[in-house]
Amino acid sequence: MVFETVIIQEGPQLIPIWFYLASSIAYGTAALISYLICYFAFRLYQKSKSKLNLIPLFGFLSLAVGFTTLLFASLYTYNYPDLFKPLGNINQVNGQAFPIYYAASLIGYFILLMIYLPKNLKDKFYVVYFPLWYMDLFSYHLVSLAIVGYILLKNVRAGKRTFERGLVIAAFAGIFLFHLLQLTLPFSPTLYLIAHGILAGGFLSFLWMLIRVSRR
Amino acid sequence: MNERRSKISILKDILRTIERENGRAKPTHILYGANLSHDRLKKYLDNLVAEGFIQKIEEKGQQYYITTLKGKEFFSGINKMKKFFEAFGVEI
């Protein structure tokens, strides 16, 4: 995989060890807010009995599982940096965590995509899950960019213009930029670090929307 | 726009009409408020009564529908759900 190759060649200089703490905060923020959205959707499902709520529930649950996996892997690497120096910070924990994250987040994006797909496509869509289960980093980010880009576009074009919708657009724009900037890892580690800040910012935008919606 | 309303949207309109009438409304008021035919209204009202969201009462020979506590929670849930999905650019 591109990610592993680069890190093994360059070692700790490419991604400083303190970054694992910073990324843990970003992943933790994303995971926590995803769980909150999940809980909110579950409460809505309980109250309204509408199955439509199951889409954000399972979509964000899947994203939350992915980010939680990365959170623990990142914290583990930060706490035991000496164990992995000969391999340039790559370790078995990260090696296991990233494929889980790829799969969980892609499933999450696909589920969220269901909200925006035409009805006749929704039933047939599950077929595409399988080829995407195992992917390399580059393909993963490209597919994520395509899905999140489509969701972002549909969000910008559809529905009433409200402040909450602006926050959701900002959140998806943040996730889109996160995937886009991750592709710059071989060229610019700084942008890679900034990408995680943008990810956390995007999820904080979701949190702001959630607070406003739940207060009404 | 001439889009078909979803079931959840119709239920919301029925409950909103009852709430607007101080939690107690005549069937004819609900019919106009929710903009439904008599047959469809009856079907939805029976459904809401069966779920325990509204109750049918009779006073001086006149029928009324009142919202129950469960119905109020359901109404609040639907309103929040509407706001939530609107934030995602989806009309329900």
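Here, each number is a calculation from the coordinates, and none is a lab measurement. Because the structure is a prediction, the values reported are computed rather than measured. Cβ coordinates were reconstructed from backbone atoms using ideal geometry, including for glycine residues, and neighbour counts include every protein chain displayed.
If you take the square roots of the eigenvalues of the alpha-carbon gyration tensor of chain B and sort them as a ≥ b ≥ c, do you get rounded (a/c under 1.5), prolate (a/b over b/c) or oblate?
Since a/c reaches 1.5 and a/b is larger than b/c, the shape of chain B is classed as prolate.
Cα-Cα over 32 Å: which of B:LYS60/B:LYS82; A:LYS49/B:LYS42; A:LYS154/B:LYS70; A:LYS154/B:LYS7; B:LYS43/B:LYS82; A:LYS154/B:LYS12?
Checking Cα-Cα distances, B:LYS60/B:LYS82; A:LYS154/B:LYS70 exceed 32 Å.
Give the long-range amide H neighbours of B:ILE54: residues separated by 5 or more places, or on another chain, with amide H under 5 Å away, using H modelled in the peptide plane at 1.01 Å from N.
B:VAL49, B:THR68
Count neighbours as other Cβ atoms within 10 Å of each site's Cβ, and list the trypsin sites (Lys or Arg not before Pro) in the stretch B:52-92 that are DSSP loop with at most 11 such neighbours.
When the trypsin sites (Lys or Arg not before Pro) of the stretch B:52-92 are filtered for loop state and at most 11 Cβ neighbours within 10 Å, B:LYS60 remain.
Short version: ³J(HN,Hα) in whole Hz for each residue of the stretch A:70-79, in order, from phi by Karplus 6.51 cos²θ - 1.76 cosθ + 1.60 (θ = phi - 60°), x for Gly and Pro, what are they?
Each residue of the stretch A:70-79 in turn: 5, 4, 5, 5, 5, 5, 4, 5, 5, 6 Hz.
Just to check I understand the Karplus step: with θ = phi - 60° and J = 6.51 cos²θ - 1.76 cosθ + 1.60, what whole-Hz values come out for the stretch A:140-147, glycine and proline as x?
Karplus values, whole Hz, x for Gly and Pro: 4, 5, 5, 5, 4, 4, 5, 5.
Can you work out the FRET efficiency for the pair B:LYS60 and A:LEU117, with r the C-beta to C-beta distance and R0 = 51 Å, to the nearest 0.05?
For R0 = 51 Å, the calculated efficiency reads 0.45.
Which loop GluC sites (Glu not before Pro) in the stretch B:45-92, with loop taken from DSSP, have no more than 10 other Cβ atoms within 10 angstrom of their Cβ?
Those that pass, being in a loop and sparsely packed, number zero.
Can you compute the FRET efficiency between A:ILE100 and A:ALA146 using 1/(1 + (r/R0)^6), with r the Cβ-Cβ distance and R0 = 22 Å? Round to the nearest 0.05.
With a Förster radius of 22 Å, E is 0.55.
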